[in-house]
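Enquirer: Structure incoming, see below.
All of the numbers you see were taken from the coordinates with simple rules; none came from a lab. Computed from a predicted structure; not experimentally measured. Don't worry about glycine lacking a Cβ; one is built from the backbone with ideal geometry, like all the others, and counts go over all protein chains shown.
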Amino acid sequence: MTLLEVKDLSVVYQTRKGFITALNNISFELNRGNTLGLVGESGCGKSTLGMALMRLLPGNASIIKGNLFFENQDLLKLTDDEIRQIRWKKISMIFQAAMNALNPVHRVADQIMEAITTHNSSLLRESAIKQTEKLFDLVNIPKRRMTEYPHQYSGGMKQRAVIAMALACRPSLIIADEPTTALDVILQSQILESIKLFQKKLNLAILFISHDIAVVADICHDICVMYAGELIEYGAKEKVLGAPVHPYTKTLISSYLTLIRDLRPLKPVQDSTTSHISNPDLCCFLNYCPNSEKICRNQKPVWVELAPDHRVFCLLANKIYNG
Amino acid sequence: MKTTTKLIVELDHIRKVYRSKQTFFRSDQKKIIALECLSMKIKRGEILGLVGESGSGKTTIGRLIVKLENPDTGKIYLDDKDISLLKRNSLKNFRSRLQMIFQDPYQSLNPQLSVFDTVVEPLIIHKIGDSTSRQKQVNQSLELVDLKPPADFLDSYPHQLSGGQRQRVAIARAIVLKPEFIVADEPTSMLDATVQLQIFDILLELKNKLNITILFITHSITAARYLCDRIAVIYRGHLMEQGPAQDVMTNPKHPYTKALIDAHPKFGYANKKQYKTLLKTQREPVNGECCPFFIRCEIAKMGVCDIKTPELKKKHNHHSVACFFS
Amino acid sequence: MELRKYLFRRLIEITIIFFVIMTILFLLFRLAPGDPVSRMVDPSMTPEDARHLISQLGLDQPLYQQYIIYLRNFFSGDFGVSFHYGTSVMGIIWDRLPNTAILFTTSIILSAFVGIFLGKIASWHKDKKIDTWLTLGALICHTLFLPWLALIMIWFFAYKIGWFPLNGILSPEIWIQTDACFFSKLIDVLHHLILPLATLFLIHFGSYLLIMRSSMLDTLKEDYITTARAKGLKEKIIRNHHAAPNAALPVVTSIALSLAFSINGGALTETVFSWPGIGRELVFAVSNNDYPLAQASFLLIAAVVLLSNFLVDILYAYLDPRIRY
Amino acid sequence: MVTNTSDSMAGALDMLPKKRQKISAFNEKWLIFKENFIGRAGLILLSLFALMALLSFIPPLIDPMYHPMTGVDPKISCSVGPSIHHWLGTDFIGRDILSQLLAGAKIAFMVGISSAFISIVLGTSIGMIAGYFGRYIDAILMRLADIIMVMPTLLVVLIFSSLFGQLNIWTIVLVIALFRWPGVSRVIRAQTLTLKQRPFIEAAKLAGASPIRIILRHIMPNVLPLSLLYMTFRVSSAIIIEAALAFLGFGDPSSVSWGMMLQWVWKTGHMFQAPYWLLPPGICISLITLSFYMVGRAMDEVLDPRLRKEDD
């Protein structure tokens, strides 16, 4: 059952130097209880997408096109009051920098309770406290630390508190924006384990945003690969990671170092952050693509469906797929 | 490249304690032990990977070696010479032999200086060559780090460059004096995965072409595996395991190393936990001497691990471990 | 416990600073060119009295002994006798202190509250009309030349419209009446208070507004504000409950740091409005070469600044849990 | 030390061909500044005041009776309102108010800029030294700053003038400067401390650079914009303090300043009768502080993203 459907979403930022396209025609779906991984390098627009879903884009960004269907209503058509009802109650977020996501002058438990009481104003204070206690139990933080302030928590504990807060209203969708990036490997694997656990227990849908393809591979069912504001490959994890087609996806996977595979991976392509956009109509990866052919320079790329659960945004997709 | 066995740097029972700064608001001092009686040897011409979590003291080792900080006790030798005795001229000479590459390329370049000014500065300070030969040396080092053609980059300012390019400029600055030893402190942790490999390749090239010894500090065990000849695993200021890279990766002895390897996401290979280490979190901390990993270790035994700190013992083939049960 | 330790340390620091200032002042008065005796001894005294005072202050003895006498006098609350009034300096100061305290503290507290409140509003409506007007108004108020503003206030509200008395702290005709009740006296003082208070208020609130506005704008960029938004909180709660408490912290600090500068304004206001406070007394003493009075008022003002800094430290600790725990 | 400075000179020479890029970076900043309404208004006001200061040399040339200090209109010996001969009227002994006003602009600029400059140079270097060297040097310098900071500058100058007699204008400038640096040095010190932790300073250290070189070549260029910003605020406060001092009757009697004009209005009891005399000096003082302040605020907005978030 489709919980979230993003259709042709485009977002631009207005800057001093003119308009910058942050997201270009993004479309994907997310089913209830599923995890969708959104992977891409820094600056590819993946965080913008997360904020756009919450309608929390900064003032200089605007959604110029597209629809966001959540539980069959278009989020973009809701009034500010209506979207406020949906935030956190239906869609909540785990932020990248947990240390900054908590307000330093309020107690941690109060901040979690605030989320509960805001969306359930009839709730008594005692039962809100009870619920908060349960959340602390769930994420394994001792109850005696409920009255403490964020600065008294360690990094991993803050991250767990943020997760507890995200679960506070039993949302159906959680957007996790690089939730483990700042953490050490061992801590990261613990947090990922617990996210997986909650997801099964609560039947959550998660949109997992990360730059680390291995983390995404670990936790997600489906994967979106983004590059320079565009979606370039989308499909089930086994397909996208097992048989990547888009040259960029291939590069991304090959540049990932594993513990088991050969020591020498493919020679990676050029430094990609210099300038992406030569011609907005052409393929965004054109300048760095090792496979590019003449057709790529003359024609817009198209979506090629290789399988029901595997789509690639590349003119040469079939050719590459068939060897 | 394990042809020479000559040592270049040796750390001898280094201890370093940080005192929390007496900030404006807090008067009590907290002691944070960064390194505890740590000894280590680095051989000429190798890349030694120092793997550890944040706060393990791995960066401190790098900073001590290049003399950005001084140890509380213990000695550091460069070619058998105690570096704590260096003063003025000999210190300046020392500076030209050891260099460092920092973690964050967005912070390690002066935003007010162009690429040329950044890279040429060490030459000016050490009064090497005249302006034409300096120009040439700068070009050479830029080419070495794959910023080609150098002329395109000389006049740029850091904010005009991408993260990967900045890190290359930082490497160019480090090698312009032709040092023998470079400390690379997590040089790629702020960079994208695709760029990361290019930086690694440059480091490998430095080792192979210029015969530079590199201490590669990282939190990523896979990066260490990719790049290093030897790996040393550090935990809370103690060396836990040390040995040839291949050995340590395929046949880890210490439970902590096993945990690190297990925690690493197994890309596309299901969720196999090779060593099935379940870290304990609820063990009571012990006052006084004990194994530093005692609180989190699954296989620790009361009466052994909580009364003594294990020594780093050689097992076989240059592979040594600090654990009673390995 | 942390907090108590910290405040104790601050107290010690403040005491040391005060001693240094005392010493500097002592040296200035004894070592400045000219005869130190003439600065300490009232020229209108009889020679015997003068000789007595000289030996009492130790002016005929070496410097360090003078310093010891100076310190001893200070701790016994003896600042000598004012040349102009001919009475004990201590008495004069005790008499003036409440007046200054009323004027200065009310103006600072009032302008801090209004400034912080309006700064919050302005930042919330950034780049809208209300923000532009508030910012512009604050800028102008902040840069108005205080004595001039005071003169204009007197000229307009006291002279042209006649709503308020020209200057002073009380109207003699009320105080002469023996049967005047306390309430009417109070009203009279308040009536006199309004103009100087308004002057100081206008000058201070502008700067507090500007600081609060920019601090608030910084705070609104923080991640926890985004979290609050994502939590679906009402905008008003985000502003008042999440942003403002954090944004007010730097404002508190900067109020403390600018306190000494604010004292300048206080002295000017007192002088123009003939408000019998310490600041006016200091200006008056300096014009009349009344050295004992000048010295004592300056010391007192320094002490007041230091003490209020200490109070602000306590307030800050109360507002910021990162210091409390 | 000497060799080091000559080295940085050589560095500066090496830099010459690249000047253009720096200038274009400056141009960019200038464009942002120009877009800022407050900054533009401030600059326009400032140039008007500068024009006033320049024009102040003219009135005495026309007729000695227009000399701001000594000139007295022989036909008038009391304060009268604006007329053809005296566009803004005269003061209580028949001196021309307009020429006094023009002369006041000159004094305001002189006092403001020179005292702000001295206190900025002091504050920046003390801040950098305290921040870079830390330890006891830092402790001593910052305690010194604390002590100076709790002394109200105006009252300090008052005490000085009571002890040393009438102060001349340059002494006033100097005393104001000496008592207004701690605020600057606190800011610069904080900035230096954050810079010091940045790896590019450590990289320079590893390259063998001496502390002097690090301060001059790596720290100073990065804190200079901030000092410049604080200079505009210090100009404002110096002008205000000098005016207040003159208003209380402790100004330099050999020159006319706006504060002194206000004092004359006030002390001679003309404030209720002669608004033409009361208004202009007050407006001028307020406006000139306002315009410096506006320029400062606009600069703040231009510089801020760089100072806080670095380059991007």
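Enquirer: Can you tell me, using C-alpha contacts under 8 Å and at least 6 residues apart, the relative contact order of chain D as a whole percent?
Expert: Once divided by the residue count of chain D, the mean separation gives 24 percent.
Enquirer: Separate question: Only bridges whose two residues both fall in chain A count here: according to DSSP, what percent of them are antiparallel, nearest 5?
Expert: Counting only bridges with both partners in chain A, antiparallel ones make up about 60 percent.
Enquirer: Connecting C-alpha atoms closer than 10 Å in a GNM of chain B, tell me which of B:K148, B:K75, B:K127 has the biggest fluctuation.
Expert: Result for chain B, Cα springs under 10 Å: B:K127 fluctuates most.
Enquirer: Once both axes come from the Cα atoms, what is the angle between helix C:63-75 and the longest principal axis of chain C, in degrees from 0 to 90, rounded to 10?
Expert: It is inclined by approximately 60 degrees.
Enquirer: Over the whole of B:185-198, what's the average partner chain Cβ count within 10 Å per residue? Rounded to a whole number, please.
Expert: Mean shielding by partner chains, rounded to a whole number: 5.
Enquirer: May I pose another question? Antiparallel as a % of all DSSP beta bridges within the protein assembly as shown, to the nearest 5?
Expert: In the protein assembly as shown, approximately 60 percent of DSSP beta bridges are antiparallel ones.
Enquirer: Then there is this: Cut-off under 22 Å on the C-alpha distance; same-chain residues fewer than 8 positions from B:K127 excluded. Which lysines are left, in chain and number order?
Expert: Output for B:K127: B:K67, B:K87, B:K92, B:K136, B:K178, D:K18, D:K205.
Enquirer: Any idea which of A:L231, A:L241, A:S154 is furthest toward the positive side of the dipole for chain A, if Lys and Arg beta-carbons carry +1 and Asp and Glu beta-carbons -1?
Expert: A:S154
Enquirer: Taking the Cα atoms only, what angle lies between the long axis of helix C:291-319 and the longest principal axis of chain C, rounded to 10 degrees?
Expert: Approximately 30 degrees, to the nearest ten.
Enquirer: In addition: Let me know the mean shielding of D:156-168 by other chains, meaning the per-residue number of their Cβ atoms within 10 Å of its Cβ.
Expert: Mean shielding by partner chains, rounded to a whole number: 5.
Enquirer: Report the FRET efficiency, 1/(1 + (r/R0)^6), for C:V20 and D:R135, where r is their Cβ-Cβ distance and R0 is 30 Å, rounded to 0.05.
Expert: 0.90
Enquirer: Would you give the gap between the C-alpha center of segment D:241-266 and the C-alpha center of segment D:188-204, rounded to a whole Å?
Expert: Here the two parts' Cα centres lie 44 Å apart.
Enquirer: Identify, among C:L31, C:I14, C:H52, the residue whose Cα sits farthest towards the positive end of the charge dipole of segment C:2-75, taking +1 on the Cβ of Lys and Arg and -1 on the Cβ of Asp and Glu, with the dipole about the Cα centre.
Expert: It is C:I14.
Enquirer: Once both labels are modelled 7 Å past Cα along the beta-carbon direction, what's the C:Y85-D:S83 spacing in nm?
Expert: In this crude spin-label approximation the distance works out to 4.7 nm.
Enquirer: If contacts are Cα pairs under 8 angstrom and at least 6 residues apart, what is the relative contact order of chain A in percent?
Expert: About 20 percent, as a whole number.
Enquirer: Suppose each label sits 7 Å from its Cα in the direction of the beta carbon; what would the C:Y159-A:N60 distance come out to in nanometres?
Expert: Taking the two extended label points, one gets 5.1 nm.
Enquirer: Next question. Indicate, rounded to the nearest 5 percent, the antiparallel portion of the DSSP beta bridges found entirely in segment B:160-252. Each step should come with its number before you reach the end.
Expert: Values: 6 of 11 bridges.
Just about 55 percent of them are antiparallel.
Enquirer: Still on this structure, I have one more. Using the alpha-carbon centroid of each, what span in Å lies between segment A:193-255 and segment C:117-177?
Expert: Centre-to-centre (Cα) distance: 63 Å.
Enquirer: Return the lysines within reach of A:K89: Cα separation strictly under 22 angstrom, same-chain partners fewer than 8 residues apart disregarded; answer none if there are no such residues.
Expert: A:K77, A:K130, A:K134, A:K158, A:K196, A:K200, A:K201, C:K231, C:K234, C:K236
Enquirer: Scan chain D and note any complete DSSP helix (H) whose C-alpha atoms cover at least 30 Å along its axis and whose Kyte-Doolittle average is -0.5 or more.
Expert: Once both thresholds are applied, what remains is D:97-133, D:220-247, D:275-309.
Enquirer: While we're here: For segment C:214-252 and segment A:27-104, what is the separation of their C-alpha centers, rounded to whole Å?
Expert: Cα centroid of segment C:214-252 versus Cα centroid of segment A:27-104: 20 Å apart.
Enquirer: FRET efficiency for D:I32 and D:Q166, Cβ-Cβ distance as r, R0 = 60 Å, nearest 0.05?
Expert: With a Förster radius of 60 Å, E is 0.85.
Enquirer: Next up: For the protein assembly as shown, what is the charge dipole size about the Cα centre, in debye to the nearest 20, if Lys and Arg each add +1 at the Cβ and Asp and Glu each add -1 at the Cβ?
Expert: Dipole size: approximately 3700 debye.
Enquirer: Need one value for C:261-268: mean number of C-beta atoms belonging to other chains within 10 Å of its residues' C-beta atoms.
Expert: Mean shielding by partner chains, rounded to a whole number: 6.
Enquirer: Evaluate E = 1/(1 + (r/R0)^6) for A:N25 and C:K128, where r is the Cβ-Cβ distance and R0 equals 41 Å; express this FRET efficiency to the nearest 0.05.
Expert: Rounded to the nearest 0.05, the efficiency is 0.75.
Enquirer: OK, next. Among D:T171, D:W258, D:A204, pick out the residue whose Cα is farthest towards the positive end of the charge dipole of chain D, where Lys and Arg carry +1 and Asp and Glu carry -1 on C-beta, about the Cα centre.
Expert: Farthest along the dipole direction, towards plus: D:A204.
Enquirer: Okay, next question. Check the straight Cα-Cα distances from B:K308 and name the aspartates and glutamates below 20 Å, setting aside those fewer than 8 residues away within the same chain.
Expert: Filter leaves B:E36, B:E241, B:E284, B:E289, B:E298.
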